[in-house]
Amino acid sequence: MGYRLSKIYTRKGDSGTTGMADGSRVAKDSLRMHAIGDLDELNSMLGVVVNKCQPGEVRENMITIQHDLFNLGGELVMPDYEKINQSRIDWLESTLDEMNEKLQPLKEFILPGGGEAACFCHMARTICRRTERVMVSLNSETVIKTELLAYVNRLSDWLFVASRIMNQIDDEAEVYWQSDRLNN
């Protein structure tokens, strides 16, 4: 394979547009570019989580998710590129279920927090939710594959459960939301 990025800057984007894989140009502030940018931010935050979490299955799965997110972004930028399908969603659900079986059932909402890895994982979850909202808006403008929306939706759930697992591994207590805390 040849070099994909032999030159990092091209000066073509100085006018506020960016190149798509098919050679077309779109505004850098388009919904498509917002979605791609949010995916990039999410993937970067996952890199932080990978750096902070304990070695093991959750960490390895997170790296797999980073590859999936790159593929998902590729689908948004290249019309004929197809990598995210139902099997990737099934994998997310399966690994989510496996993690969830190791946790105590929730009887109340928990506050985002705990150990450092879990805190960053909660940040990734909120970035994932924002990414999903932008992708839903993009889908209203131009139809995107339903699998892409389902993957990102399921990923936010996955990240929530992963943050709980990280706290469990790091022996960090969960803090339950107390709706009447200020009334005491």
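A search for C-beta distances below 6 Å between a residue of segment 20-43 that is farther than 18 Å from THR126 by Cβ and modelled with pLDDT of 95 or more and any residue that is part of a helix (DSSP H, G or I) and open to solvent by 40 Å² or more (accessible area, probe 1.4 Å), counting only pairs 6+ apart in sequence or on different chains, returns LEU31/SER137; LEU31/GLU141. Looking only at segment 76-97, how many residues end up being part of a helix (DSSP H, G or I) and either open to solvent by 20 Å² or more (accessible area, probe 1.4 Å) or over 26 Å from LEU138 (Cα atoms) (or both)? Looking only at that region, the number is 11.
Please determine whether any residue of segment 101-120 is farther than 27 Å from GLN54 by Cβ and either hydroxyl-bearing (Ser, Thr, Tyr) or in contact with a Phe, Trp or Tyr (Cβ under 7 Å, 6 or more places away or on another chain) (or both).
From segment 101-120, those farther than 27 Å from GLN54 by Cβ are none; that's our starting set.
No; the residues of segment 101-120 include none that is farther than 27 Å from GLN54 by Cβ and either hydroxyl-bearing (Ser, Thr, Tyr) or in contact with a Phe, Trp or Tyr (Cβ under 7 Å, 6 or more places away or on another chain) (or both).
Screening the candidates LEU31, LEU46, LEU42, LEU96 for the property of being farther than 30 Å from ASN167 by Cβ and of a type outside the set (D, E, K, R) yields one hit, LEU31. Listed by first and then second residue, the pairs linking a residue in segment 81-107 that is free of Cβ contacts under 8 Å to residues at least 12 places away in the same chain to a residue that is in a loop (DSSP other than H, G, I, E, B) and open to solvent by less than 80 Å² (accessible area, probe 1.4 Å), with Cβ atoms under 6 Å apart and 6 or more places separating them unless they lie on different chains, form an empty list. Considering the conditions (1) open to solvent by 20 Å² or more (accessible area, probe 1.4 Å); (2) within 20 Å of ALA150 (Cβ to Cβ), LEU46 is excluded by exactly one of them, (1).
A quick yes/no check of all residues on (1) more than 29 Å from ASP22 (Cβ to Cβ); (2) of a type in the set (Phe, Trp, Tyr); (3) within 15 Å of the chain's Cα centre (by Cα):
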site: GLY47; (1), (2), (3): no, no, yes
site: VAL50; (1), (2), (3): yes, no, yes
site: VAL58; (1), (2), (3): yes, no, yes
site: GLN66; (1), (2), (3): no, no, yes
site: ASP80; (1), (2), (3): no, no, no
site: ILE84; (1), (2), (3): no, no, yes
site: ASP90; (1), (2), (3): yes, no, no
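All of ALA117, ALA150, ALA124, ALA173 fail the test of being more than 30 Å from ASP80 (Cβ to Cβ), hydrophobic (A, V, I, L, M, F, W, C) and surrounded by 16 or more Cβ atoms within 10 Å (Cβ to Cβ), apart from ALA117. With ALA27, ALA21 as the choices, which residue is surrounded by fewer than 13 Cβ atoms within 10 Å (Cβ to Cβ) and in contact with a strand residue (DSSP E or B) (Cβ under 9 Å, 6 or more places away or on another chain)? Being surrounded by fewer than 13 Cβ atoms within 10 Å (Cβ to Cβ) and in contact with a strand residue (DSSP E or B) (Cβ under 9 Å, 6 or more places away or on another chain) holds for just one of ALA27, ALA21, which is ALA27. Selection of segment 153-170 for residues being in contact (Cβ under 8 Å) with a residue 60 or more places away in the chain, in a helix (DSSP H, G or I) and open to solvent by 30 Å² or more (accessible area, probe 1.4 Å) yields ARG154, ASP157, GLN168, ILE169.
The values are calculated or read from the model by the stated rules, or taken from the named source; none is laboratory data. Model, not experiment: these values are computed from the prediction. Reconstructed Cβ throughout: ideal geometry from the backbone, glycine too, with neighbour counts over all protein chains shown. Surface areas here come from the heavy atoms of the whole protein model, side chains and all, with no ligands, DNA or RNA. Shrake-Rupley method; radii C 1.70, N 1.55, O 1.52, S 1.80 Å.
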